[in-house]
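Have a look at the structure below before the remarks.
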Amino acid sequence: MPVNETEPGLPEGMEPETAVSPPPSSPTKKHHHEITWDNIESANSPTAEAEIRSWELKARPWAVFLERIALAVERPANKLVGSHQLNPLYHTGTIAAFLTLVVGASGVYLYLFFHYGYAESYKAVVGYNALFTARTMRAIHRFASDALVITTLLHAYRMLCMERFRGPRWLAWVTGIVLTAVIWLAGVTGYWLVWDVRSQWITEWFVHLLERFTPWSSAFVAKMTTLGLEGNSWKVLLIILGSHVLLFLITVGFFYVHIMRLKRPKWYPPVQWMMGLVIVLLLAALIFPLRNLAPADLTLLPQTVNLDLIFLFFLPFIGQESAIFLWGGLAVVTAVSLIIPWVSRARSKGTPPTVSSNGHSQDDVYTGRCPLPRVQVIDDLCTGCTMCAIDCPYDALEMVERAGNHSQHKLLALAHIDKCVSCGICVGSCEYMAITLGHTPPVSLWDTTLAHLQKAQARAPQNKVRLVYTCDRHAAIGAQKYVMDNAESMVGDTAVEVISVPCVGAIPPNVTGRAIKAGADEVQIIGCPPEDCRNREGNYWEERRLTRRRVPRLKKAYVNDPITAVWLAPNEFEKALHTKPGLSLNEETGQTKPDYQASRRMFPPLRWYNYAITFGLLAIILLIQIFLTDVPVAMPAANRTVARILVPDMAAPFNPELTYSPPQGEVEMRLELNGEPVFTQTFPVGELLSNNDAFYVEQEIPPGNHRVILTLRDEDGNQIILYNENVILATGDVLGVNYFGPEPNLPCDDTPCIE
């Protein structure tokens with residue numbers, strides 16, 4: 001079969017291989033001195049298994065616990081759908097990238113109909129409902145934005161429990177954490193643009209934030225209020241929109257850095273997922289159009305607001321002490337997430353050798369932040385075939401011109417250990433045993449195979465023997481009891497020995513056939529499902545090698561041998577052990593026999609009902625999301641009556657054009673209700689005259705009929721009346737006690753009165 005042949009189940013983003021055979025500059029003829037996995041002799045090393053174990057990551061207990069939770073949730077969904085291929089959790093990263101595209105496209109469309117201003121923005125959003133396309137796009141924009149946050153959080157959870165955040169992966173992890181925070185901020189600014197009661201509460205939160213951590217809250221409120229009175233509120237909405245767009249562009253930039261660091265980056269999920277997501281979002285937008293809330297009213301505290309608990313979970317805590325714990329907890333989680341690549345060190349399962357496999361020292365292999373052994377090239381054995389460089393998902397190998405003329409091979413693999421994640425996929429890609437991890441001789445993998453084979457034969461001489469290769473992810477969960485030193489496992493009448501490696505992609509395909517020749521009755525590879533490999537492509541490359549569609553291929557002599565592969569989740573290892581190959585019919589004899597070739601395939605055919613069930617589940621999840629993002633929440637802080645004192649320019653009452661002389665020393669601002677002071681604050685007059693600072697404060701007052709007077713009093717008892725009104729206030733009312741000075745361009749009658 002041609003090397004670049006594809007199959008119907010080929011995952012999106014996995015392009016056909018076009019350079020998997022040795023290039024013309026490299027010799028294709030095998031020479032007598034070239035050692036391969038098919039003719040290597042055992043070194044009889046007593047430390048071989050410990051050396052191979054040193055390749056593997058010793059999973060942290062907390063990571064195993066988190067992954068068990070995730071797998072327990074996934075398992076019923078996989079059973080219901082009938083295929084791991086259609087598990088959306090395996091595509092959270094690419095689905096998030098696709099949803100970002102949907103959010104951007106729908107946002108651009110909505111921008112065409114948007115207007116700026118407190119009232120104008122609200123009317124524009126309400127006007128979307130009169131246009132079918134705009135109404136639908138608005139709902140898609142909202143639903144896709146919420147789904148984007150959910151998928152990024154799920155993706156982060158999966159990366160965390162798989163421990164895919166250390167070493168060279170730190171950049172992807174850190175950019176992913178920052179990316180999630182930026183997406184959330186972008187969503188908050190999107191809600192702020194509507195200028196309804198939700199926007200009003202976001203403004204309240206922002207003012208409280210500025211008041212607690214900055215000296216700018218008064219200036220902010222003064223500017224917003226002044227622009228509204230001047231009819232220039234479009235400037236406020238333009239700034240919010242600019243922030244919204246800028247945050248989205250930053251999101252795209254972080255996606256680029258997050259994805260493009262990889263070799264063969266995947267920007268989008270398989271076609272069926274893109275089509276399914278678009279259909280589900282469109283149907284949801286048509287069936288559940290967004291409702292408009294009441295416009296923002298700064299004279300009232302909203303009592304109940306329909307909140308999106310994904311983006312606006314913090315609003316009910318405005319002004320409460322519990323908000324400190326909320327934001328403090330989120331800050332701690334974020335900080336720990338950002339530093340975890342450096343505080344949680346990787347640990348090896350075994351003891352690495354101290355002597356290099358090619359006789360040269362490579363002390364720096366075990367230095368740095370990742371103690372796992374990393375890729376090493378054995379120069380004398382490298383044929384320059386390029387397969388290791390092509391297969392590596394992290395670009396840790398590069399082909400360069402070989403220095404000197406002492407070799408007939410023109411190219412040489414060059415290792416970049418700073419990019420290596422110790423997955424071992426390059427080991428499985430090298431037929432000539434020129435690649436290893438750390439100082440471990442490649443022959444140790446074969447010695448480990450023979451040791452397990454002999455162990456099984458010794459304990460069950462009358463039974464069949466099966467060798468099982470699996471990854472360290474399976475070994476930490478479903479295969480844990482099978483990889484223990486004293487494990488003595490039987491499956492029916494077959495003695496089973498499990499050999500774990502960092503990734504099944506580290507298994508050279510012809511080692512499996514060689515194990516059959518050495519006396520194993522069966523060889524089985526148990527790997528992760530499609531798109532769920534800890535090392536991105538290891539399971540996929542191994543499946544392609546075993547089915548002879550990628551070099552190094554399983555030799556033709558081994559094609560019909562009892563070599564099988566099962567691609568299941570780590571908590572289904574027992575099921576994989578009991579999985580038998582399908583049967584094929586010999587048309588000439590009419591007899592059936594096991595179809596070992598077909599059993600190695602990763603992508604079984606799917607039926608229409610598999611897709612129907614999958615997207616039905618997706619629709620249910622989206623329906624739950626819709627209800628979670630439109631939850632009526634009573635605001636505890638709304639059961640108050642407040643007075644908000646705003647003086648945009650504290651020097652304005654002392655305007656030199658007035659007929660009185662400014663007081664000296666200090667002045668006291670006093671708010672009185674029915675002659676009783678409820679708020680006082682003292683200011684040095686010199687500072688007021690020189691700084692032109694704004695003043696803003698919120699003061700809770702009782703409801704009822706009040707004579708409200710705001711004054712400035714000097715040390716001699718003289719006072720300037722800034723506000724003097726009779727008001728009737730109910731619970732939830734907001735009294736704006738504002739003084740804007742004597743500027744003629746402002747519609748106010750509150751020129752100071754001197755007593």
### Query
Can you tell which of Gly228, Gly187 is buried (at least 21 other Cβ atoms within 10 Å of the Cβ), in contact (Cβ under 8 Å) with a residue 12 or more places away in the chain, touching a helix residue (DSSP H, G or I) at 6+ places or on another chain (Cβ under 8 Å) and of a type in the set (Gly, Ala, Ser)?
Gly187
### Task
With respect to Leu66, determine if the residue is modelled with pLDDT of 90 or more and in contact with a helix residue (DSSP H, G or I) (Cβ under 8 Å, 6 or more places away or on another chain).
yes
#### Entry: Residue that is touching a strand residue (DSSP E or B) at 6+ places or on another chain (Cβ under 6 Å) and surrounded by 24 or more Cβ atoms within 10 Å (Cβ to Cβ), where the choices are Asn539, Asn535
Asn539
### Query
Which of the residues belonging to the range 375-388 are of a type in the set (A, V, I, L, M, F, W, C), outside any loop (DSSP other than H, G, I, E, B) and either surrounded by fewer than 22 Cβ atoms within 10 Å (Cβ to Cβ) or touching a Gly at 6+ places or on another chain (Cβ under 9 Å) (or both)?
Val375, Val377, Leu381
### Message
Of everything in the range 418-439, what is under 32 Å from the mean Cα position of the chain (by Cα) and not β-branched (Val, Ile, Thr)? Give them in sequence order.
### Response
Asp418, Lys419, Cys420, Ser422, Cys423, Gly424, Cys426, Gly428, Ser429, Leu437, Gly438
### Query
Any idea how many residues of the range 403-422 are farther than 29 Å from Met260 by Cα and not polar (S, T, N, Q)?
5
### Summary
Every listed condition ((1) part of a loop (DSSP other than H, G, I, E, B); (2) surrounded by 22 or more Cβ atoms within 10 Å (Cβ to Cβ)) holds for Arg164 save (2)
#### Entry: Considering residues of the range 679-737 that are touching a strand residue (DSSP E or B) at 6+ places or on another chain (Cβ under 7 Å) and among the acidic types (Asp, Glu) only, the residue farthest from Ser217 (Cα to Cα)
Glu715
#### Entry: Hits in the range 449-480 (condition: at pLDDT below 90 and part of a loop (DSSP other than H, G, I, E, B))
Ala460, Pro461, Gln462, Asn463
### Message
Looking at the range 201-217, I want the residues that are surrounded by fewer than 17 Cβ atoms within 10 Å (Cβ to Cβ) and have a partner that is assigned to a helix (DSSP H, G or I) and not β-branched (Val, Ile, Thr) with Cβ atoms under 7 Å, at least 6 apart or on another chain. Which pairs are those?
### Response
Trp216/Leu210
### Query
For the subset of the range 255-287 comprising residues that are among the hydrophobic types (A, V, I, L, M, F, W, C) and touching a Leu at 6+ places or on another chain (Cβ under 8 Å), which member is surrounded by the fewest Cβ atoms within 10 Å (Cβ to Cβ)?
Val257
### Message
Test of understanding: among Asp693, Asp649, which residue is in a loop (DSSP other than H, G, I, E, B), surrounded by 13 or more Cβ atoms within 10 Å (Cβ to Cβ) and modelled with pLDDT of 85 or more?
### Response
Asp649
### Query
Out of (1) in contact with a Lys or Arg (Cβ under 8 Å, 6 or more places away or on another chain); (2) farther than 25 Å from Pro302 by Cβ, the odd one out for Tyr191 is which?
(2)
### Query
Across the range 273-317, what is the total count of residues that are more than 28 Å from the chain's Cα centre (by Cα) and farther than 17 Å from Ile620 by Cα?
15
### Filter result for the condition that a residue is of a type in the set (A, V, I, L, M, F, W, C), modelled with pLDDT under 90 and either under 30 Å from His409 (Cβ atoms) or in a loop (DSSP other than H, G, I, E, B) (or both), over Ala323, Ala346
Ala346
### Task
Take the range 45-66 and flag every residue that is in a helix (DSSP H, G or I) and either in contact with a Pro (Cβ under 7 Å, 6 or more places away or on another chain) or within 21 Å of Thr614 (Cα to Cα) (or both).
Glu51
### Summary
Of those in the range 439-464 that are of a type in the set (S, T, N, Q) and over 14 Å from Glu497 (Cβ atoms), the residue surrounded by the most Cβ atoms within 10 Å (Cβ to Cβ) is Thr440
### Task
Identify all residues within the range 86-107 that are among the polar types (S, T, N, Q) and either in a helix (DSSP H, G or I) or in contact with a Lys or Arg (Cβ under 6 Å, 6 or more places away or on another chain) (or both); write none if there are none.
Thr92, Thr94, Thr100, Ser106
### Message
Given the criteria of a type in the set (Asp, Glu) and surrounded by 17 or more Cβ atoms within 10 Å (Cβ to Cβ), does Asp395 qualify?
### Response
no
#### Entry: Matching option when the condition is under 30 Å from Gly384 (Cβ atoms) and touching a Phe, Trp or Tyr at 6+ places or on another chain (Cβ under 9 Å), among Pro562, Pro502, Pro530
Pro502
### Task
Tell me, yes or no, whether the range 328-336 has at least one residue that is in contact with an Asp or Glu (Cβ under 9 Å, 6 or more places away or on another chain), at pLDDT 90 or above and more than 30 Å from Ala612 (Cα to Cα).
no
### Query
Considering only the range 399-448, how many residues are part of a strand (DSSP E or B), under 21 Å from Arg550 (Cα atoms) and touching a residue at least 60 places away in the same chain (Cβ under 8 Å)?
3
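The values are calculated or read from the model by the stated rules, or taken from the named source; none is laboratory data. Keep in mind that this is a model prediction, so the values were computed, not measured. Positions of Cβ are backbone-derived with ideal geometry, glycine not excepted, and every protein chain shown enters the neighbour counts.
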